[in-house]
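Asks: I'd like to ask some things about the structure below.
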Amino acid sequence: MDNGTTGSETALARRAETRYMRPMTETAPPSDADRRLARIALLALTAGALGIAFSPIFVRLSELEPTATAFHRAFLALPALWLWGAVHRRPDGGGRPAGPRDYAVLVLAGVFFAGDLAFWHWSIRYTTVANSTLLANFAPIFVTLGGLLLFRERFTRTFLVGMTLAVVGVCVLVGQNAAFQPDNLLGDGLGLVTAMFYAAYILTVGRVRARFSTVSVMAWSTTATAAVLLPVTLAAGESLIAPTLYGWGILLGLALVSQAAGQGLIAYALAHLPAAFSSVGLLVQPVVAALLAWVILGEAVSAWQGAGAVVILAGIAVARRGSR
């Protein structure tokens, strides 16, 4: 995980972003340092996906309502994140926000992530969990569209084929239990809004990581997420107090494993990998979540779902080959 202790990391992040913004006609070969950095970032992305794969398990085991659980996911992660920032603060102040505009863009990332969590939990109230999960995993489509329309990024045909394969795999893995009915229309729409907010979060973090360290991005964006979710939780009338120590342990695990570690590793990876590929790579999360639900909750994975998982992994591999 990035600790922001050297100036070379920021320089390499800028080089990485610049490289991925080049037109497809340029064929400048990456250096050995770039290749090594990309491999490390890919490992960090995978580890981050494993961390967030535990979040559905923690949410299922939580003694609090979904929105209150989401608030504690951010709030309880703050001490660890700010302590991390204090321990690894660079003497020259590099990698940290320096003015109102810097703070604003970091807060914006947190607002987008709060929207992702809030709309996903609201979606679950008005549709099935399968529908909500399926639609929320359409984020790579919106990340790709956002990169194309907002930043004029161009994508290879191989990448688009890989992304399509991965999304189809998610449909096979999760869609077995999905049921689209008129009564679920509101919840299904909120599920798509969830995907849009997470796509906006990935695109924003992918941009700001070229200027700010991982810890700065995580500390400020998570603070903003907690600040947004607190009034939302109170307005929903949900309790913020877990009744048992077990309940607090579940919330703490969600905050440290899924938020601080999982999202922190993803934020690190987004400095060195294209946002579009990263969003596709994160589709390994529903695969791991299904396996964890099988082991921990006894929810068996069918042969059809196993086939979907294989298609997801194949799609990620193809998208990686088509990413610059």
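Asks: Only one of these conditions is not met by Thr158: (1) surrounded by fewer than 17 Cβ atoms within 10 Å (Cβ to Cβ); (2) touching an Asp or Glu at 6+ places or on another chain (Cβ under 9 Å); (3) of a type outside the set (A, V, I, L, M, F, W, C); (4) not in a loop (DSSP other than H, G, I, E, B). Which number is it?
Replies: (2)
Asks: Determine which member of the set Pro91, Pro56 is on the phi < 0 side of the Ramachandran plot and either modelled with pLDDT of 95 or more or not in a helix (DSSP H, G or I) (or both). Lay out the reasoning, then the answer.
Replies: Numbers: Pro56 fails: either modelled with pLDDT of 95 or more or not in a helix (DSSP H, G or I) (or both).
Matching residue, one of Pro91, Pro56: Pro91.
Asks: Quick one: which helices (runs of 4 or more DSSP H) sit completely within the stretch 256-324 and have at least 1 residues that are over 18 Å from Phe54 (Cα atoms)?
Replies: Working: elements: 264-269, 275-281, 284-297, 303-321.
The helices (runs of 4 or more DSSP H) meeting that bar are 264-269, 275-281, 303-321.
Asks: Are any residues in the stretch 228-246 more than 17 Å from His121 (Cβ to Cβ) and part of a helix (DSSP H, G or I), and if so, which ones?
Replies: Leu245, Tyr246
Asks: Given the conditions (1) farther than 18 Å from Leu282 by Cα; (2) more than 18 Å from the chain's Cα centre (by Cα), and given that Val107 satisfies all but one, which numbered condition is not satisfied?
Replies: So Val107 meets the others, but not (2).
Asks: Being surrounded by fewer than 22 Cβ atoms within 10 Å (Cβ to Cβ) and aliphatic (A, V, I, L, M) is the requirement here; does Ala293 meet it?
Replies: Values: surrounded by fewer than 22 Cβ atoms within 10 Å (Cβ to Cβ): yes; aliphatic (A, V, I, L, M): yes.
Yes; evaluated as a whole, the condition is true for this residue.
Asks: Next up: Pick out the one residue from Ala109, Ala114, Ala118, Ala104 that is part of a helix (DSSP H, G or I), within 18 Å of Arg211 (Cβ to Cβ), of a type in the set (A, V, I, L, M) and in contact with a helix residue (DSSP H, G or I) (Cβ under 9 Å, 6 or more places away or on another chain). Working first, answer last.
Replies: Values: Ala114 fails: within 18 Å of Arg211 (Cβ to Cβ); Ala118 fails: within 18 Å of Arg211 (Cβ to Cβ); Ala104 fails: in contact with a helix residue (DSSP H, G or I) (Cβ under 9 Å, 6 or more places away or on another chain).
After ruling out the rest, the residue left standing is Ala109.
Asks: Can you tell me which of Gln305, Gln285 is at pLDDT below 95, crowded, with 16+ Cβ neighbours inside 10 Å, more than 19 Å from the chain's Cα centre (by Cα) and not hydroxyl-bearing (Ser, Thr, Tyr)?
Replies: On the way: Gln285 fails: more than 19 Å from the chain's Cα centre (by Cα).
Of the residues listed, the single one that is at pLDDT below 95, crowded, with 16+ Cβ neighbours inside 10 Å, more than 19 Å from the chain's Cα centre (by Cα) and not hydroxyl-bearing (Ser, Thr, Tyr) is Gln305.
Asks: For Leu148, work out the one condition from (1) without any contact (Cβ under 8 Å) to a residue 24 or more places away in the chain; (2) over 13 Å from Ala275 (Cβ atoms) it doesn't fulfil.
Replies: Failing condition for Leu148: (2).
Asks: Can we say Leu273 is under 27 Å from Val129 (Cα atoms) and among the aliphatic types (A, V, I, L, M)? Steps first, answer last, please.
Replies: Working: under 27 Å from Val129 (Cα atoms): no; among the aliphatic types (A, V, I, L, M): yes.
In short, no.
Asks: Just checking, which of Ser278, Ser239 is polar (S, T, N, Q), surrounded by 24 or more Cβ atoms within 10 Å (Cβ to Cβ), at negative phi and in contact with a helix residue (DSSP H, G or I) (Cβ under 7 Å, 6 or more places away or on another chain)? Steps first, answer last, please.
Replies: Values: Ser239 fails: surrounded by 24 or more Cβ atoms within 10 Å (Cβ to Cβ).
None of the others qualify; the one that does is Ser278.
Asks: Assess whether Ala16 counts as being buried (at least 21 other Cβ atoms within 10 Å of the Cβ), at pLDDT below 50 and either under 19 Å from Arg207 (Cβ atoms) or not charged (D, E, K, R) (or both). Show your work before the answer.
Replies: Details: buried (at least 21 other Cβ atoms within 10 Å of the Cβ): yes; at pLDDT below 50: yes; either under 19 Å from Arg207 (Cβ atoms) or not charged (D, E, K, R) (or both): yes.
Spelling it out, Ala16 is indeed buried (at least 21 other Cβ atoms within 10 Å of the Cβ), at pLDDT below 50 and either under 19 Å from Arg207 (Cβ atoms) or not charged (D, E, K, R) (or both).
The values are calculated or read from the model by the stated rules, or taken from the named source; none is laboratory data. The shown structure was predicted, so the numbers you read here are calculated from the model rather than taken from an experiment. Note that each Cβ is placed from the backbone with ideal geometry, even for glycine, and that neighbours are counted across all protein chains shown.
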